[in-house]
């Protein structure tokens, strides 16, 4: 859905070009409370008695450690043991000999006050993290500053953390930045969501917001304005949009979205872990489609039973050159590991037609949808195909991977592809590299030829998965890119539905399973039809999983 | 004498704040000196900033060297601990 247009009278504090990112989903509507958490300058003073100043530092450090112990227990009680362990790490930081020595040496040698020594050391250690080539570790710079500010606050006689000054209503918290300790010290019953000017998706604030189930947006940058305190706002933690003083239209729209989101969450709670089974006991495996390893989080959050289509194109589309075996292996392994025993169907290279990649140097074609694409590239350029197959096989020992071949039109193509797969398996055996000897190999059913030859094809493979978008395009001779063909490109056409039925029946005659991994699988108006046809599996976008489970359970 | 073993980190986020904290807290239970090495850098396993500063990521191999009175027991327990937590 597009965001409300800019002619609305709401003040939108960020737009698509901005750096703001939603890091915890959900919508909050309410008044803003601005927290003053900005870095305050620390004064540098010369002290007469450095030894006394070192003692003053040690006492403050011990007091800060004691505060962290309390915070740890509060966090354990409210958020669980896992979240509390961070504050054990914070205590270790304050006791780290390198950190302590750096501070005490500064005091002793430069005769500076403890506040200044702590602040200088914090900046030096934070800089070390900020320089690391790992976004997670970069975010740890905030942890160092957080623990150091706690010590400085004790030294300056301030109470640690954020004061909870308004007693009354729940607010959307707006701050320059929020340290993890500040986040957990807020009374969670009075927080509707978080917006910060700085921060990162890996920050603890983001992680805690997700745990708390509150929307959070980070990185609004210069749009942060302390004068917004008390103003009404709408924040959308999915899109990262913030509206201050929303007009009626925006407010109404987001109230609607909020209700829909909450309904989705309710469904999630109700249907999570429940079997996907009709009232009469017909079971369907409900899987999800993904495009990159990071999508696995949504797959698990929506309780999909497996991955029915992992499009491997991103590996090719996002590279400057052919992706290496190792690069592909890491991506497949990551997904396989995260999914555990659950099946992960990975579709081999499906480049061509509407997905063009420069370094493949594909010739311009008059009819790319009928051209040199997918399995056709793999079979004519086996050296590219083999790299992917090696990566897939190597990753297969880390989970439950299946290989799926796209754009099949003949038995010979399947045999040729399997021949190449055998060669790769032999290479790996020769190198004593482990792989799953029984890895399932299936094909996409997306051409009329594959439906017509479904019996012969079923004898060759372990499963079918129907790609309804291409199957519709090829069956009805309607270019899926052409917007003028709407009424002719009818996905509910009896011709398409009969194709699906024919493929499923052929699969069952040969004892293999048949699923749908195209958009049509999520079309609730066809769920009854698919159940009658007897499809074994439906793979849909992660957010469609639970509505579909709901529909199947009500059948 | 000293005890030495290698270990591959399987935690998806590598040796980040929380597991690094667990590792340091565990290391501090032993008398022995425990040195963790990765990519040419060696650090004291009892020092949190040192351990986090290694920047160890998922799939990285680290070498652990244990030396001291309780080294045999410490190395065995520490290796088991790493396998379970990282």
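We did not get these values from a lab; they are worked out from the coordinates using the rules stated. These numbers were taken from a predicted model, which means no experiment stands behind them. Cβ sites come from the backbone with ideal geometry, for glycine too, and all protein chains shown count toward neighbours.
Worth pointing out:
- With each label modelled as a point 7 angstrom along the Cα→C-beta vector, the residue A:505-residue A:73 pair spans 7.1 nm.
- Peptide B:28-39 has a mean of 0 when you count, residue by residue, the C-beta atoms of other protein chains within 10 Å of its C-beta.
- A Förster distance of 25 Å, applied to the separation of the beta-carbon atoms of residue A:270 and residue A:297, puts the FRET efficiency at 0.75.
- For A:84-97, mean number of other protein chain Cβ atoms within 10 Å: 6
- Rounded to 10°, Cα long-axis angle of helix A:50-79 versus longest principal axis of chain A: 40
- For peptide B:46-57, the mean count of partner chain Cβ atoms within 10 Å of a residue's Cβ comes to 6.
- When the protein assembly as shown is reduced to its Cα atoms, the Kirkwood hydrodynamic radius in Å: 28.1
- Exposure proxy ranking, count of Cβ atoms within 10 Å, fewest first, for A:528, A:143, A:295: A:528, A:295, A:143
- The Cα center of the range B:4-34 and the Cα center of the range A:437-459 differ in position by 48 Å.
- Packing-based order for A:366-374, A:180-188, A:102-110, using average beta carbon neighbours within 10 Å, highest first: A:180-188, A:102-110, A:366-374
- Looking at chain A, the DSSP beta bridges with both ends there are about 30 percent antiparallel.
- Going from the fewest other Cβ atoms within 10 Å to the most, the residues A:523, A:49 appear in the order A:49, A:523.
- Kirkwood Rh and Cα Rg combined as Rg/Rh, the range A:50-155: 1.00
- Here the extension length gained between residue A:479 and residue A:225 equals 86.5 nm, from 0.36 nm per residue of separation less the Cα-Cα distance.
- Of B:57, B:65, B:46, the one that fluctuates the most in a GNM where chain B has Cα springs shorter than 10 Å: B:57
- Expected 222 nm ellipticity per residue - DSSP helices of 4 or more, -39500 (n - 2.57), all of chain A, to 500: -14000 deg cm²/dmol
- Residue order for A:224, A:464, fewest other beta carbons within 10 angstrom first, comes to A:224, A:464.
- Across every pair of non-identical alpha carbons in the range B:1-83, the mean reciprocal distance, once inverted, gives a Kirkwood radius of 12.4 Å.
- Spin-label model distance (nm) - residue A:380 vs residue A:365, 7 Å beyond Cα toward Cβ: 0.8
- The convex hull of the Cα atoms of the range A:343-488, projected and averaged over all directions, covers 9.7 nm².
- The stretch between residue A:49 and residue A:555, if pulled fully straight at 0.36 nm per residue, gains 174.1 nm over its current Cα-Cα span.
- Along its first, second and third principal axes, ordered by size, the range A:282-553 spans 50, 43, 34 Å in Cα coordinates.
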